[in-house]
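To start, the structure itself, in structure tokens.
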Amino acid sequence: MRVYVPLTLSRLAEVYKAGELGPGPLTAYAVTPALREWYASDDLEELEYAALSRAALSSLRLIAGDAGAARRRVVLAADVADGAVDPGDPGAGTGTGTGTGALGLGEVRVAGVLGWKKVAAVHVDAGDAEADVAAAVGALGAADQGDGGAGVLVDGVEDHELLWFATQEIPGLIG
């Protein structure tokens with residue numbers, strides 16, 4: 001199963017140096033039955049993009065929690081055994097992806113340590129997204145409280161496509 005793990009650039013550097021991410025359980029995003037129902041598509045590529053987008057929002061929240069983190073969303077894509085993934089209670093998801101209470105839409109837990117050999121690629125914002133990511137980070141709290149203007153800022157960061165990097169390109173990203 002392909003999972004998308006939200007990170008920050010500094011955390012990506014730590015994971016690369018260690019050769020693994022863990023210990024588990026790790027929060028990740030994947031094509032779950034609830035995500036399939038919400039997105040209403042049978043196209044696996046579209047569904048995986050939706051899971052990647054959920055992970056990118058979670059990365060934004062990680063950035064908000066780390067004042068020193070670069071203002072670029074980071075999502076690690078990895079392939080893990082289906083048995084290593086716990087989708088939670090599909091009927092109890094809040095749909096918010098906040099990680100509070102029941103698992104959010106597409107959110108899963110990956111058991112154990114995720115070894116670097118399981119990593120397929122990394123998705124990262126380009127440098128020109130940093131100002132919009134910073135604005136979105138600043139607006140998260142208000143958006144969570146229902147402020148429509150703040151929600152526009154948070155949603156606006158999705159206008160920046162995450163770039164795809166092969167695992168051998170990671171040293172250049174974190175260098």
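A short reminder: the numbers here are calculations on the coordinates, not readings from a lab. Nothing here was measured: the structure is a model prediction, and the numbers come from that model. Virtual Cβ from ideal backbone geometry, glycine too; neighbours counted across all protein chains shown.
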Extension reserve of the E161-V113 stretch, reckoned as 0.36 nm per residue once the Cα distance is removed:
14.4 nm
Residues of region 108-130 with amide nitrogen under 20 Å from the 7 Å Cα-to-Cβ point of D86?
108-115
With an 8 Å cut-off on Cα pairs and a minimum separation of 6 or more residues, tell me the relative contact order of region 2-174 in percent.
27 percent
Taking the convex hull of Cα positions in region 1-76, its mean projected area over all directions (nm²)
5.6 nm²
With each run of n ≥ 4 DSSP H residues scored as -39500 (n - 2.57), what mean residue ellipticity at 222 nm is computed for the chain after dividing by its residue count and rounding to the nearest 500 deg cm²/dmol?
-11500 deg cm²/dmol
Please compute the volume of the convex hull spanned by the alpha-carbon atoms of the chain and report it per residue in Å³.
115 Å³
Cut-off 15 Å between beta-carbons: net charge of the residues surrounding E14, Lys and Arg +1, Asp and Glu -1
0
Fully extended contour minus Cα-Cα distance, from E130 to A18, at 0.36 nm per residue
37.7 nm
Approximate spin-label separation D79-A67, in nm, with each point projected 7 Å along Cα-to-Cβ
4.3 nm
Helix by helix through the chain, keep the DSSP H runs that span 15 Å or more along the axis on Cα and average at least -1.0 on Kyte-Doolittle, and give those back in order.
44-64, 130-144
Using a simple spin-label model with points 7 Å from Cα along the Cα→Cβ vector, what separation in nm is obtained for D144 and E46?
3.1 nm
